[in-house]
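J.: Below you will find the structure I want to go over with you.
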Amino acid sequence: MSDIYGEILLDHYRLPRNKGRLEHPTLSVEGVNPLCGDELTLDLEFDGQRLKDIRFSGKGCAISVASASMLTEALKGKTVEEIERWIGVFREFIRTGRAPDGVELGDLLALEGISKLPVRVKCATLPWSALEEAISRYRG
Amino acid sequence: MKTVEEIRRDFPILSLKVNGRPLVYLDNAASSQKPIQVLNAYCRFCESRYANVHRGVHTLAETATGDYEEARKTLADLVQADARGVVFTRGTTESINLVAQSYGRKFIKHGQAILMTPMEHHANLVPWQVLARAVGAELRFWPLNQDGTLDMVEGRKLLDARVAMVAVAHVSNVLGTINPVREIVEMAHRVGAKVLVDGAQAAPHMPVNLSEIGADFYAFSGHKMCGSTGIGVLYGRPEILEDMDPFMTGGEMIREVWLDHATWNEIPHKFEAGTPPITEAISIAAAARYLQEIGMDWIHAHDTMLTARAWELLAAEPGVTLYGPAGERGALVTFNVAGVHPHDLAALLDRDGIAIRAGHHCAQPLHRWLGVQATARASFYLYNTPEEVDALLEGVRAAKKVLQLV
Ligand SMILES: Cc1ncc(COP(=O)(O)O)c(C=O)c1O
């Protein structure tokens, strides 16, 4: 097994970015991992088309926590359109283990090995699925 | 008498390297590995004795039918039961569904109750929920003591004349609790209730004497006792099986068929519709013979030694919470490590070649009772060694270090 528990992932697990709740979220969504029952909540605050702030809360494994932490870091300040593009990029990255040409994944690259761990894919995609629901709800 | 080293040599998979490390297989409660004796029995049967059973009159049909019925006797012998009551099913899950449907739909009536425990595997819970909804029966739950044993005082109060069925695990697949099934059967029979015992975690690990336990139904799976998947046993008391309706219908299970109706074959064949799992029956019988040769008493003592060692080591490790009773228990330990998600623990142990299970182990209501989402479970069998238990502890320590909790 390629080692998913690398330093970048563990760093996001030990010191998660944007963890907690927002005081005035535009909307909140919950995700549940069917594998282990882990729950995750995303709070999003929009300023028009821009994601002004985002936080996540809940308990989870290192992979789901790190994935949520990386998600918030990558997407804070992005527009709804940009976020939708990122969701597509992330899904393809998780499926193939490779970033689409010309995309800089940053810390998310730490999840590279997940495509070879079909059982844990759900852990990594949990926050992204919640995000996808949030965006579709925001779009109405 | 074989040594553990000799037993290990019977299991080809145990010489495997996983992630460059010798495999330490501690997921036996989920499924067990197969010895060469079982694999050979399967091969030899397919090479020289195979045909469909109970159909042809040619030579191979005769040898295959003889072997298949011999397998039934071997399994009856393993649990000291009447072979006429041994039905081959797909496994514990199908065995329990068979009883819930074929017995339950006919004999459990509106207003009667089904008594279960909160420690049941989903396989011994959901079929009864479905049945209860269909016939209008009530579901009752035998309370647990703090340590995960059954509260025999409170349970007795629930066991009144309205209870038609008691469904209980012989050994819990999460808590490891060994339930006093003989006493439960006695109590239940006194009020006229039938008892189904889920023996999935017991029959592979300890001597089971059904003539002594007296259960009306007893279920277990081949793949947890060194046999193949796709086969299990339902034992039912013959006089009860006689009165039950068929579960599935079709070939084999009939006596005579007309265009508009049919009559049923005698038991146990009445419950084996279609071509049965023939090769799997050869495999489970070879497994039963293998286990009996080693000795169920020896296996139970060996499991108990490993489990006690694991419990002791983990109980002394800071941050570890153990679940279930501390004393006599089935061949497993279920635990959590503070700050380490069970799935991370299992994945980190896997880097060292150690296989354990993490999750809710098909017992979500029990995990709700425990107040946790998921747990880690190490489960043992005849081929495991004390050194492997020590490796588990080292792995737990290493996992804590990786996640920087120490
Ligand atoms: C206590 C218990 N009951 C039932 C089952 C279901 O067995 P199977 O999946 O072989 O049908 C299991 C194992 O998964 C178990 O541990």
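J.: The conditions are (1) away from chain B (no Cβ under 14 Å); (2) in a loop (DSSP other than H, G, I, E, B); (3) touching a residue at least 24 places away in the same chain (Cβ under 8 Å), and A:VAL119 fails exactly one of them. Which is it?
T.: (1)
J.: Name the single residue that is farthest from B:LEU23 (Cα to Cα) among those in the range B:344-362 being in a strand (DSSP E or B) and within 16 Å of the ligand (Cβ to nearest atom).
T.: Here the answer is B:GLY359.
For (1) in contact (Cβ under 8 Å) with a residue 12 or more places away in the chain; (2) closer than 26 Å to B:ILE299 by Cβ; (3) surrounded by 23 or more Cβ atoms within 10 Å (Cβ to Cβ); (4) within 11 Å of chain A (Cβ to nearest Cβ), each residue gets a yes or a no:
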site: B:VAL320; (1), (2), (3), (4): yes, no, no, no
site: B:GLY330; (1), (2), (3), (4): yes, yes, yes, no
site: B:VAL333; (1), (2), (3), (4): yes, yes, yes, no
site: B:HIS343; (1), (2), (3), (4): yes, no, yes, yes
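J.: Against the condition within 30 Å of B:VAL340 (Cα to Cα), out of contact with any Leu (no Cβ under 6 Å at 6 or more places or on another chain), touching a residue at least 40 places away in the same chain (Cβ under 8 Å) and outside any helix (DSSP H, G or I), how does B:ALA310 come out, does it pass?
T.: no
J.: Has the range B:371-386 got at least one residue that is more than 16 Å from the ligand (Cβ to nearest atom), within 12 Å of another protein chain (Cβ to nearest Cβ), open to solvent by 10 Å² or more (accessible area, probe 1.4 Å) and on the phi > 0 side of the Ramachandran plot?
T.: The answer is no, given that none of the residues of the range B:371-386 is more than 16 Å from the ligand (Cβ to nearest atom), within 12 Å of another protein chain (Cβ to nearest Cβ), open to solvent by 10 Å² or more (accessible area, probe 1.4 Å) and on the phi > 0 side of the Ramachandran plot.
J.: Next up: Kindly indicate whether B:GLY274 is open to solvent by 30 Å² or more (accessible area, probe 1.4 Å), on the phi > 0 side of the Ramachandran plot and at pLDDT 95 or above.
T.: No; evaluated as a whole, the condition is false for this residue.
J.: Among residues belonging to the range B:350-360 that are under 22 Å from the mean Cα position of the chain (by Cα) and away from chain A (no Cβ under 11 Å), point out the one that is most open to solvent (accessible area, probe 1.4 Å).
T.: Restricting to residues being under 22 Å from the mean Cα position of the chain (by Cα) and away from chain A (no Cβ under 11 Å), the top hit is B:ARG357.
J.: Of the residues that make up the range A:78-86, is at least one touching a Pro at 6+ places or on another chain (Cβ under 8 Å) and either away from every other protein chain (no Cβ under 14 Å) or among the charged types (D, E, K, R) (or both)?
T.: Looking through the range A:78-86, none of the residues is touching a Pro at 6+ places or on another chain (Cβ under 8 Å) and either away from every other protein chain (no Cβ under 14 Å) or among the charged types (D, E, K, R) (or both).
J.: Checking the condition closer than 21 Å to B:MET119 by Cα and in contact with a Phe, Trp or Tyr (Cβ under 6 Å, 6 or more places away or on another chain), which residue from B:TYR235, B:TYR218 passes?
T.: B:TYR218 is the lone residue from the list that is closer than 21 Å to B:MET119 by Cα and in contact with a Phe, Trp or Tyr (Cβ under 6 Å, 6 or more places away or on another chain).
J.: If you take just the strands (runs of 3 or more DSSP E) that sit entirely in the range B:77-153, which of them hold at least 2 residues that are more than 13 Å from the ligand (Cβ to nearest atom) and open to solvent by 10 Å² or more (accessible area, probe 1.4 Å)?
T.: So the answer is B:138-141.
J.: I'd like the full set of residues that are open to solvent by 10 Å² or more (accessible area, probe 1.4 Å) and away from the ligand (no atom under 11 Å from the Cβ), limited to the range B:165-174.
T.: Within the range B:165-174, no residue meets the criteria.
J.: Then there's this: Tell me whether the range B:22-36 contains one or more residues that are away from the ligand (no atom under 16 Å from the Cβ) and in contact with a Cys (Cβ under 8 Å, 6 or more places away or on another chain).
T.: Within the range B:22-36, one or more residues are away from the ligand (no atom under 16 Å from the Cβ) and in contact with a Cys (Cβ under 8 Å, 6 or more places away or on another chain).
J.: When B:TRP298 is evaluated against the numbered criteria (1) open to solvent by 40 Å² or more (accessible area, probe 1.4 Å); (2) in contact with a Phe, Trp or Tyr (Cβ under 9 Å, 6 or more places away or on another chain), which criterion, by number, is the only one it fails?
T.: (2)
J.: Follow-up question, since we're still on this one. In this structure, does B:ILE13 turn out to be surrounded by fewer than 16 Cβ atoms within 10 Å (Cβ to Cβ) and among the aliphatic types (A, V, I, L, M)?
T.: Here the answer is yes, as B:ILE13 does meet what is asked.
The values are calculated or read from the model by the stated rules, or taken from the named source; none is laboratory data. All values derive from a computational prediction rather than experimental measurement. So basically every Cβ, Gly included, is an ideal-geometry build from the backbone, and we count neighbours across all protein chains shown. Heavy atoms of the whole protein, side chains included, go into the accessibility calculation; ligands, DNA and RNA do not. Shrake-Rupley method; radii C 1.70, N 1.55, O 1.52, S 1.80 Å.
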